[in-house]
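Encoded as structure tokens, the structure appears first; notes follow it.
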């Protein structure tokens, strides 16, 4: 009886908060009303928010979404405790798949993802029946022990009473691990001596867009979790045949010998007769990029860039010199451009994960640097809030550039005559310091 009254009161609270304060989440459930010491937990009402953005998503059907990889399979259980293959549920529908757990208290974590999905669900409600029946949302729990089918069902009813949004779980951690591995979702959780979870679960926040043929077509991180953009991607997939006809009219074939030379097509790579078209570093010639003039130009589709008038030609070109200079690493072998290759979109198409200081492998791939100046958060977990500060992490990371300290980098640059002169010219007589080094990198 006590639980029923709590559930009703929670739903009333949720209703009014949803109407007046944006979608919010509540994380107190039948199996979660006690903490690890046995004391009753208070309901956690969270107000997840997205940073305001001037970014306007491209119109439906004006772009293609690449096939990233096949969607993973695994065994899940529904609210009636029936087992299903995840692939069977994904078939023949465009799906948004999100991994969450109901007791997550990080406002920029699971509550944010579910809030975004709720906004998308509201848009789906406005679609006609024919469109709506080809779309579904699945929220799958990271925490099968606590998030039982009954808990997930109760949690789901807070956000949607429509059958196209399912809140599912797995039988145990073993079944969950198979699915997480298939989606490259790593989690870290603290456990006690009995193997029971204590504390929160650390994970990378992602929403996967999956097409009817079980291909992952987009992966949305915190920076790109915009309801309008995701909704446009869904409709673009549903209308993909029409879009393909539009693009095929203007499609151009790219031949191997027309590539830039920093990479190569890999089709037939295992064949002994395969020929490479990549060029040596010395033979790769490119035109000089007038970064300052290009930066001043208002690029189509991008929002206004704050602080554009404060940057100077000297600062941008100093940042470019730093970006390509291997001397900024501890042993003078690693530059930013080693991992963020300009000819490959300032990422790397050759390696799944970069190789850093003394051949040490990094855990994650090198993200593209295109348009990063528009980002509000940096790194996979959003731990940095400015590009000026972000650049120091790879400079100091032991498996990247391995510099022992900020002071070491500053002292090293001061000893290099060319940099001393360039910094003084770019920053009104200032020598290299923690502020202007970060600013120069960020300017480029």
Exercise. Taking the condition crowded, with 16+ Cβ neighbours inside 10 Å and touching a strand residue (DSSP E or B) at 6+ places or on another chain (Cβ under 7 Å), does residue 188 pass?
Worked result: no
For this session: Within the stretch 356-372, work out how many residues are over 17 Å from residue 225 (Cβ atoms) and surrounded by fewer than 16 Cβ atoms within 10 Å (Cβ to Cβ).
Result: 9
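Identify, from the list 402, 442, the residue that is in a loop (DSSP other than H, G, I, E, B) and touching a residue at least 40 places away in the same chain (Cβ under 8 Å). Spell out the reasoning first.
Details: 442 fails: in a loop (DSSP other than H, G, I, E, B).
Only one candidate passes the filter, namely 402.
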Seminar exercise, completed: Scanning the stretch 62-89 for residues that are surrounded by 15 or more Cβ atoms within 10 Å (Cβ to Cβ) and within 14 Å of residue 166 (Cβ to Cβ), the one farthest from the chain's Cα centre (by Cα) turns out to be 79
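Pull up the stretch 151-197, narrow it to residues that are part of a loop (DSSP other than H, G, I, E, B) and closer than 16 Å to residue 85 by Cβ, then point me to the one that is farthest from the chain's Cα centre (by Cα).
Filtering the stretch 151-197 for residues part of a loop (DSSP other than H, G, I, E, B) gives 160-164, 170-172, 183-186, 192-196.
Checking which are closer than 16 Å to residue 85 by Cβ leaves us with 170-171, 183.
Values: 170: 24, 171: 28, 183: 13 Å.
Among those residues, the one meeting the criterion is 171.
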Problem set entry | Which numbered condition residue 141 misses (of (1) surrounded by fewer than 21 Cβ atoms within 10 Å (Cβ to Cβ); (2) over 18 Å from residue 225 (Cβ atoms); (3) touching a strand residue (DSSP E or B) at 6+ places or on another chain (Cβ under 9 Å)) | (1)
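State yes or no: is residue 371 within 30 Å of the chain's Cα centre (by Cα) and in contact (Cβ under 8 Å) with a residue 12 or more places away in the chain? I'd like the intermediate steps shown before the answer.
Values: within 30 Å of the chain's Cα centre (by Cα): yes; in contact (Cβ under 8 Å) with a residue 12 or more places away in the chain: yes.
Here the answer is yes, as residue 371 does meet what is asked.
Scan 389, 428 and give me the residue that is surrounded by fewer than 20 Cβ atoms within 10 Å (Cβ to Cβ) and under 21 Å from the mean Cα position of the chain (by Cα). Show your work before the answer.
On the way: 428 fails: under 21 Å from the mean Cα position of the chain (by Cα).
It is 389.
In a strand (DSSP E or B) and modelled with pLDDT of 90 or more: does that describe residue 117? Quick ask: steps written out before the conclusion?
Details: in a strand (DSSP E or B): no; modelled with pLDDT of 90 or more: yes.
Taking the combined requirement at face value, the residue does not satisfy it.
The values are calculated or read from the model by the stated rules, or taken from the named source; none is laboratory data. Values in this document were obtained by computation on a predicted structure and should not be read as measured data. Heads up, the Cβs are rebuilt from the backbone with ideal geometry, glycines too, and the neighbour counts pull from every protein chain shown.
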